[in-house]
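Asks: There's a structure below that I have some questions on.
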Amino acid sequence: MKILVTGANGFVGSALLYRLADDPAFEVLGAVRQKADTRHNRLVGDLVTWRDTDGMLAGLDAIVHCAARAHVMRDTADDPLAEFRKVNVEGTLNLAQQAADAGVKRFIFLSSIKVNGETTHDTPFTSFQPPQPKDAYGVSKLEAEEGLRRLAHKTGMELVIVRPPLAYGPGVKGNWQALTNVVRSGIPLPLGAIHNRRSFVALENLVDLIVTCLRHPAARGETFLVSDDKDVSTTTLLRNMAAALQRPARLIPVPQGLLCALLSLLGRQTIVERLCGSLQADISHTKETLGWKPVITMEAQLAKMTNGTSRDAIGKS
C-alpha cells in the first residue's frame, strides 16, 4: 500500500511514519509544512493554499492526516477559532478534495476526543453520541469531520475518523512533560486522594490502531475512539510516572473536594477539570469492529519512555 502521512515530523505523524517505513507491506511518504528532514518527507507548506502540482497524490492508496493546529498553551491569536478553522478545517478539506480528485481510496482523519466534550460523569463517551465540543480546537475538529463526511458521501472516498484522548510517548510535550518534570523533581504534590477516571492512549497503541485502520475493510465510514482501555485517576497516573522514573511518589492525600474548592476560589477552574475531572472513552465499538486491542499497557509505555526504547518498539510492533 502506498501511504501519505501529513504532519510527518509531528508527535504522532513521525511515530506513524517510522512504523510504516519499517513494514515492507507499505510504501510511505511524509508531508511536512517546514523542513523536510528525512528521505521520506516532502515539503508541502501551508495546506490551506497547497496545490498538488507535482502529482504527489497520484497512485496513493490512503492518506493519514495528522497535521493540525493543536496544543496551543497560550494562544495569542485575536480570534483563536478562526485560526483553528484555517488549518484544521480549510486545510483538511483542501487536501481531502484533491485526494478524492486524484483517486485516493481511503482518508484517515486524526480528530480528537474533544469533539465529544471535555468531561464525563457517569457514562463514558462513545462514537455515536451527539458531539459537544467546548473549545475552539474541538469545534474545528468537529467541523472538519462534518466537511469530510459530506465530501466522502459525494465522492465515494472512504473516510475513517479516529478520536484519541491525550496521547503520551517519546517526544511528548505540553502538560504531560510538565507533569513528568514535577514528578522527577520530587516536589510533594497535594494529589494523593484524587478519584477521577481518565482515558489516555499510549503512542504505540494509537499508531497500531491507525495501521489497523489502513488495512481493515470494516474501518470504512467509521468513527473510532481509542485509549489504553484502562482508565486511571490522576493519583494513579502520578504513581505510575514515579515508578517508571524510579522516584518516590510524594503525594499528599488532600481530600479531592477541598482541593478542587481551593483551586476554584483561586480562579483555576481549568486546572480543576484537568486534575479532578473525569474524561472516559468507551472503545468497545473500536475493538468489536476491528478485532483490535491495545498492544501495550500504560506501565510498559512509561517504562519504555524512561529507558528510551519506545521508538524501536513502535517500529517493530
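The values are calculated or read from the model by the stated rules, or taken from the named source; none is laboratory data. Computed from a predicted structure; not experimentally measured. For neighbour counting, all protein chains shown are included, and Cβ atoms are generated from backbone atoms with ideal geometry for every residue, glycine included. Each accessible area value is taken on the protein alone, full model and side chains, heavy atoms only, with ligands, DNA and RNA left out. Shrake-Rupley method; radii C 1.70, N 1.55, O 1.52, S 1.80 Å.
Asks: So, in the stretch 30-51, how many residues would count as being open to solvent by less than 40 Å² (accessible area, probe 1.4 Å) and on the phi < 0 side of the Ramachandran plot?
Replies: Qualifying residue count for the region: 9.
Asks: Among the residues of the stretch 187-215, what is the count of those that are part of a loop (DSSP other than H, G, I, E, B) and touching a helix residue (DSSP H, G or I) at 6+ places or on another chain (Cβ under 9 Å)?
Replies: Summing the residues that are part of a loop (DSSP other than H, G, I, E, B) and touching a helix residue (DSSP H, G or I) at 6+ places or on another chain (Cβ under 9 Å) in the stretch 187-215 gives 9.
Asks: For residues in the stretch 155-186 being within 25 Å of Ala100 (Cβ to Cβ) and in contact with a strand residue (DSSP E or B) (Cβ under 7 Å, 6 or more places away or on another chain), which is most open to solvent (accessible area, probe 1.4 Å)?
Replies: Glu158
Asks: Sticking with this one: Scan (1) touching a residue at least 40 places away in the same chain (Cβ under 8 Å); (2) assigned to a helix (DSSP H, G or I); (3) not basic (Lys, Arg) for the single condition Gln177 breaks and write down its number.
Replies: (1)
Asks: So Thr119 ticks every box in (1) farther than 24 Å from Glu288 by Cβ; (2) without any contact (Cβ under 8 Å) to a residue 12 or more places away in the chain but one. Which box is left unticked?
Replies: (2)
Asks: OK, next. Quick check on Lys293: is it part of a loop (DSSP other than H, G, I, E, B) and under 19 Å from the mean Cα position of the chain (by Cα)?
Replies: yes
Asks: Looking at Ala152, Ala178, Ala167, which is the one that is small (Gly, Ala, Ser) and out of contact with any Leu (no Cβ under 7 Å at 6 or more places or on another chain)?
Replies: The unique qualifying residue is Ala178.
Asks: Which pairs do you get when a residue that is modelled with pLDDT of 95 or more, found in the stretch 138-166, comes within reach of a residue that is assigned to a strand (DSSP E or B) and of a type in the set (Gly, Ala, Ser), reach meaning Cβ atoms under 8 angstrom, with the pair 6+ apart or on two chains?
Replies: Correct list of pairs: Arg163/Ala281; Pro165/Ala281.
Asks: Something else: Pairs please, first residue from the stretch 96-110 and open to solvent by 10 Å² or more (accessible area, probe 1.4 Å), second anywhere and of a type outside the set (A, V, I, L, M) and modelled with pLDDT under 95, Cβ atoms under 6 Å, 6+ apart in sequence or on different chains.
Replies: Gln98/Asp52
Asks: Turning to a different aspect of this structure: Name the single residue, out of those in the stretch 1-29 being without any contact (Cβ under 8 Å) to a residue 60 or more places away in the chain and more than 16 Å from Val211 (Cβ to Cβ), that is surrounded by the most Cβ atoms within 10 Å (Cβ to Cβ).
Replies: Across the stretch 1-29, the extreme among qualifying residues is Gly10.
Asks: List every residue pair whose Cβ atoms sit under 8 Å apart, with the two residues 6 or more apart in sequence or on different chains, where the first one lies in the stretch 253-265 and is closer than 14 Å to Ala193 by Cα and the second, anywhere, is open to solvent by 80 Å² or more (accessible area, probe 1.4 Å).
Replies: Gln256/His195
Asks: With respect to the numbered conditions (1) more than 18 Å from Asn9 (Cα to Cα); (2) modelled with pLDDT of 90 or more; (3) open to solvent by 40 Å² or more (accessible area, probe 1.4 Å), which one is the sole condition not fulfilled by Pro80?
Replies: Answer for Pro80: the failing condition is (2).
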